Amino acid sequence: MRKLAVEGSWCYAAARHQPKLMPRDTGVPLEIRMHGRKGSERLLRRREEMLARGMPAAKANAATAAELVRWLWALGMMCREGAE
């Protein structure tokens, strides 16, 4: 799981800075889609801040991976609560 999170974090490093909003016809509530978008923007911004402070890229990537996992867990919980 950790390897998957770290690899996903490296993908965030190459991500565009304007994440796309999920299409409306997916069945995912707007609140969850907006939370996802804000989280994506926050991850990119925090990663850039860490690198600007001189943190090594591998360490910034590990920190981004840890936050990515927590963010995905929160999104999952929001979806779960919406389904109940």
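Annotation note: Cβ proximity below 7 Å between a residue of the stretch 27-56 that is over 20 Å from residue 78 (Cβ atoms) and a residue that is open to solvent by 80 Å² or more (accessible area, probe 1.4 Å) and not acidic (Asp, Glu) (sequence gap 6+ or interchain) occurs for 44/17. What about residue 56, is it farther than 16 Å from residue 6 by Cβ and open to solvent by 60 Å² or more (accessible area, probe 1.4 Å)? So residue 56 fails the test. In the stretch 59-78, which residues are open to solvent by 60 Å² or more (accessible area, probe 1.4 Å) and not aliphatic (A, V, I, L, M)? Answer for the stretch 59-78, where residues must be open to solvent by 60 Å² or more (accessible area, probe 1.4 Å) and not aliphatic (A, V, I, L, M): 59, 70, 73.
Does residue 41 count as assigned to a helix (DSSP H, G or I), under 14 Å from residue 13 (Cα atoms) and touching a Pro at 6+ places or on another chain (Cβ under 7 Å)? Here the answer is yes, as residue 41 does meet what is asked.
In the set 70, 47, 33, only one residue is within 16 Å of the chain's Cα centre (by Cα) and under 15 Å from residue 11 (Cβ atoms); that residue is 47.
The values are calculated or read from the model by the stated rules, or taken from the named source; none is laboratory data. What you see is a predicted model; the values in this text were computed from it and never measured. Backbone-built Cβ (ideal geometry, glycine too); neighbour counts: all protein chains shown. The area values use the complete protein model at the heavy-atom level, side chains included, leaving out ligands, DNA and RNA. Shrake-Rupley method; radii C 1.70, N 1.55, O 1.52, S 1.80 Å.
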